[in-house]
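> First, the structure itself, so that you have it in front of you.
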Amino acid sequence: MNSVKIIGIVQAKNEWPLIALSVSHALMHHVDEVYVLNDCSNDLTAHGLVNLQKIWGDRIHVVNAVHEHFQQEAKANALISIAQRSSPDWFYFFDADEFLSIKNKQSLKNVLSTVDADVTGIEYALDNWISIADFDESRLDDYEKIIFKAVPDQGFEKISKEVVESIINGSKTFFDVPFPSKVIFRNYDGVSISAGSHYLRDHQAKNSNVVKDSQIHAMHVPMLSKTRLNRKLDMGLKHIAENRHMLHGWQNQLLVRVFNENRFDEYWNRHSIGSNSGQLALPPHVVDDGFSKMVEPVVCFLKEKNVLTLDKHHAETDSYHSSLMETHVPFSSMVHLASRLVKASDLSQSLTREQESIITSRSWKVALQLRHLSAFFRRAAGYFRVLVFK
């Protein structure tokens with residue numbers, strides 16, 4: 001079996017200490033290296049990543065972004081360009097709240113080593129997990145208390161204004177909505193990914209061979225704590241200030257409505273599970289210790305390394321801190337370039353689709369027949385002129 005090189009990529013904005021768990025889990029079980037974008041964090045993320053680099057060495061690469069006005073997709077594709085210097089065979093994008101799990105405790109490297117050469121991507125599902133009401137991110141033991149797997153509505157078709165409204169008014173919860181699948185993809189010239197890594201979007205994507213693999217899935221904890229829910233509220237305010245469509249980052253935008261209606265605490269109670277057995281509105285779930293068992297070795301590892309104990313002053317003066325910006329080109333320039341390439345790719349795909357629609361349209365076929373008929377009459381007229389002049 002030939003080994004493959006896998007690069008993990010994660011974007012992190014105010015994700016400490018959760019990012020320590022997800023990155024360490026990926027490095028322990030699935031990937032060779034991880035590229036982390038510290039995306040304008042103002043918490044201890046930058047300092048925590050310094051600690052992680054001391055533990056994992058050159059298996060972690062950190063890039064700092066200082067401009068917030070770039071879109072997530074452009075940042076993701078800039079990271080691909082940077083990470084290609086490690087010459088990977090595959091890319092695995094993940095969020096700080098996602099933990100990859102494979103049937104029979106296999107490594108992602110083992111699975112991808114057996115994939116056919118013509119396969120460009122692997123589509124996998126995400127399962128949501130529900131946190132406990134009093135979760136404290138700074139207590140590592142709390143991560144092992146997450147034993148509630150969400151059970152989404154299998155009849156769900158797509159997100160809509162009506163679905164969002166039903167979540168706001170309490171007739172449904174976020175956990176009723178299945179989370180969209182994501183893709184792990186090969187490294188090739190021109191590769192680019194959508195925001196969230198839900199699908200390939202480069203000019204070759206139309207002809208790409210993406211296959212589903214049911215043995216791979218990610219355990220996703222989208223609402224880990226009430227503190228993190230407040231951060232999602234901030235993101236929702238940003239989306240609204242940018243005049244985004246209500247379905248763009250809908251799970252964040254709806255929190256603004258909930259907050260304005262003074263129902264934020266009630267919303268958290270409906271999306272977490274407390275120790276009080278009399279809790280009235282439990283989110284749809286089953287008890288499952290899969291996440292707890294999976295995260296246990298990571299928790300033990302981080303405790304042993306004392307990762308969560310940060311000396312802020314030491315981190316600010318550490319020699320590692322000066323090497324966090326690893327690109328020779330400023331990251332903002334890389335993102336700007338990626339944005340332009342995405343727009344160029346969109347234009348190219350749009351022109352191709354327009355050309356195909358014209359070619360397949362009835363009017364085009366009629367026009368083509370008229371052109372052929374006109375050419376026939378021109379040839380016939382020329383033939384008769386020759387006969388007349390003879």
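The values are calculated or read from the model by the stated rules, or taken from the named source; none is laboratory data. What you see is a predicted model; the values in this text were computed from it and never measured. Here Cβ is always computed from backbone atoms with ideal geometry, including for glycine, and neighbour counts include all displayed protein chains.
> Against the conditions (1) surrounded by 16 or more Cβ atoms within 10 Å (Cβ to Cβ); (2) on the phi > 0 side of the Ramachandran plot, where does Ser87 fall short? Just the number, please.
So Ser87 meets the others, but not (1).
> Could I ask something else about it? Among the listed residues Val36, Val4, identify the single one that is touching a helix residue (DSSP H, G or I) at 6+ places or on another chain (Cβ under 9 Å), crowded, with 22+ Cβ neighbours inside 10 Å and β-branched (Val, Ile, Thr).
Working: Val4 fails: crowded, with 22+ Cβ neighbours inside 10 Å.
From the options Val36, Val4, the qualifying one is Val36.
> Suppose we keep only residues that are in a loop (DSSP other than H, G, I, E, B) and either in contact with a Gly (Cβ under 9 Å, 6 or more places away or on another chain) or at pLDDT 95 or above (or both) within segment 264-287. Which one would you say is farthest from Pro222 (Cα to Cα)? Don't jump to the end; show me each part of the working.
Our first condition is that a residue be in a loop (DSSP other than H, G, I, E, B); within segment 264-287, this holds for 271-272, 274-284.
With the extra rule that they be either in contact with a Gly (Cβ under 9 Å, 6 or more places away or on another chain) or at pLDDT 95 or above (or both), the set shrinks to 271-272, 281.
On the way: His271: 10, Ser272: 11, Ala281: 19 Å.
Per the stated criteria, the residue is Ala281.
> Please verify whether segment 195-205 includes one or more residues that are outside any helix (DSSP H, G or I), charged (D, E, K, R), without any contact (Cβ under 8 Å) to a residue 12 or more places away in the chain and assigned by TED's automatic domain parsing to the domain that holds Ser160.
no
> Follow-up. Could you list, in sequence order, the residues of segment 201-218 that are at pLDDT 85 or above and among the polar types (S, T, N, Q)?
Listed by number, the residues that qualify are Asn209, Ser214, Gln215.
> Residue by residue through segment 31-65, note down the ones that are part of a loop (DSSP other than H, G, I, E, B) and over 21 Å from His239 (Cβ atoms).
Val31, Asp32, Leu44
> Within segment 236-263, track down each residue that is over 21 Å from Ser166 (Cα atoms) and not in a loop (DSSP other than H, G, I, E, B). I'd like the intermediate steps shown before the answer.
We begin by selecting, within segment 236-263, every residue over 21 Å from Ser166 (Cα atoms); these are 238, 241-243.
Within segment 236-263, Lys238, Ala241 meet the criteria.
> Going by what's in this entry, would Asn252 be described as surrounded by 16 or more Cβ atoms within 10 Å (Cβ to Cβ), of a type in the set (S, T, N, Q) and either within 19 Å of the chain's Cα centre (by Cα) or not assigned by TED's automatic domain parsing to the domain that holds Ile130 (or both)?
Yes.
> Applying the selection to segment 124-142, what residues are of a type outside the set (Ser, Thr, Tyr) and surrounded by 17 or more Cβ atoms within 10 Å (Cβ to Cβ)?
Those that are of a type outside the set (Ser, Thr, Tyr) and surrounded by 17 or more Cβ atoms within 10 Å (Cβ to Cβ): Leu126, Asp127, Asn128, Trp129, Ile130, Ile132, Phe135, Glu137, Leu140, Asp142.
> Surrounded by fewer than 18 Cβ atoms within 10 Å (Cβ to Cβ), assigned to a helix (DSSP H, G or I) and assigned by TED's automatic domain parsing to the domain that holds Gln106: which single residue out of Ser166, Ser171, Ser214 fits that description?
Every option except Ser166 fails the conditions.
> I need a count of the residues in segment 11-59 that are aromatic (Phe, Trp, Tyr) and within 19 Å of Ser138 (Cα to Cα).
Of the residues in that region, 1 qualify.
> Tell me whether segment 127-148 contains one or more residues that are in a helix (DSSP H, G or I), under 21 Å from the mean Cα position of the chain (by Cα), under 18 Å from Gly249 (Cβ atoms) and not β-branched (Val, Ile, Thr).
no
> Which one of the conditions (1) closer than 30 Å to Lys226 by Cα; (2) of a type in the set (Lys, Arg); (3) part of a helix (DSSP H, G or I) does Lys109 fail to meet, given that it meets all the rest?
Only one criterion is unmet by Lys109, namely (1).
> Of the residues Ser138, Ser131, Ser160, which is modelled with pLDDT of 95 or more, small (Gly, Ala, Ser) and over 16 Å from Val210 (Cα atoms)?
Just a single option satisfies the conditions, and that option is Ser131.
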